[in-house]
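Only one structure is covered here, and it is reproduced in the block below.
The values are calculated or read from the model by the stated rules, or taken from the named source; none is laboratory data. Please read these numbers as outputs of a predicted model, since none were measured by experiment. All Cβ positions, even for glycine, are placed from backbone atoms using ideal geometry, and neighbour counts span all protein chains on display. Side chains included, ligands, DNA and RNA excluded: accessible areas come from the protein's heavy atoms. Shrake-Rupley method; radii C 1.70, N 1.55, O 1.52, S 1.80 Å.
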Amino acid sequence: MRHYPAFFDIQGRPCLVVGGGAAALAKTRLLRRAGADVTLIAPHFDADLHALGDSGEVALSMREFRAADVIGCALVHAASGEAGLDQAVARAAKARNIPVNVVDRAALSSFVMPAIVDRGPLVVAISSGGASPVLARRVRAEIETLLPHGLGRLARFAHSFRSAVRATFADFETRLRFWENFFDGPLAESVLAGNEHQARSDMLALVNRAQLPPTGEMQDIAVDPAQAD
């Protein structure tokens, strides 16, 4: 493992993007989805970035980058596409131990951006360590087909009951068995299917009665060893 995997909490924290084109827009959108307070610096900005600035979602500064611009930032993206400028941004950030990513230049970056599968609270990140971003995106596409879009809803549903389950089942192993049975059982299927209201009522009843959730069915199948197929 070349890189240490981690998730940054940048909610409400200042982040800097240097660049005014498509790459800067992509990084800005990701930062905004994570709740960051984003500032962009570039002599010129594309129309989409101008729109974000006009709406007040981000702050635009139309000028050349200065090394002092990184001071106070939680992280920095160098996305100008100009080799010299991106290198200067990386150098300024690293001098102050600020995490920095340079688009398509892993060697200059202190962290690399993974391919992301976003299911609300549940996020899957796939990285090749910069060796093959296209391969990482192909793996992401495979995972996208395996994970239902309702997983975010399921994660939020489970989170809303964590305190109640913890208060009801004092023993860690019992809580673990409760959640394993929940995610394998019909209540989780109901949430994924969009029947959250009924699932919430059933979950409240289970917790109030201090019972484990119902599980699925198991059937024994006899197999003739001589007939492998």
Only one of these conditions is not met by SER110: (1) open to solvent by 50 Å² or more (accessible area, probe 1.4 Å); (2) in contact (Cβ under 8 Å) with a residue 24 or more places away in the chain. Which number is it? (2)
Given the conditions (1) open to solvent by 50 Å² or more (accessible area, probe 1.4 Å); (2) at pLDDT 95 or above; (3) of a type outside the set (D, E, K, R), and given that GLY81 satisfies all but one, which numbered condition is not satisfied? (2)
Spans of strands (runs of 3 or more DSSP E) in segment 1-64 with at least 3 residues at pLDDT below 95 and in contact with a strand residue (DSSP E or B) (Cβ under 6 Å, 6 or more places away or on another chain): none
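For every residue, the table says whether it meets (1) aromatic (Phe, Trp, Tyr); (2) under 30 Å from GLY84 (Cα atoms); (3) modelled with pLDDT of 90 or more.
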{"residue": "ASP118", "(1), (2), (3)": "no, no, no"}
{"residue": "ALA125", "(1), (2), (3)": "no, yes, yes"}
{"residue": "SER128", "(1), (2), (3)": "no, yes, no"}
{"residue": "SER132", "(1), (2), (3)": "no, yes, no"}
{"residue": "LEU135", "(1), (2), (3)": "no, yes, yes"}
{"residue": "SER160", "(1), (2), (3)": "no, no, yes"}
{"residue": "SER163", "(1), (2), (3)": "no, no, yes"}
{"residue": "LEU176", "(1), (2), (3)": "no, no, yes"}
{"residue": "SER190", "(1), (2), (3)": "no, no, yes"}
Verdict on VAL17 being among the β-branched types (Val, Ile, Thr), closer than 20 Å to SER110 by Cβ and touching a His at 6+ places or on another chain (Cβ under 6 Å): yes
Collect the residues in segment 11-29 that are of a type in the set (A, V, I, L, M) and surrounded by 17 or more Cβ atoms within 10 Å (Cβ to Cβ), keeping them in residue-number order. LEU16, VAL17, VAL18, ALA23, ALA24, LEU25
Mind telling me which of the residues ALA170, ALA131, ALA125, ALA136 ends up being closer than 30 Å to HIS77 by Cα and exposed (fewer than 15 other Cβ atoms within 10 Å of the Cβ)? ALA131
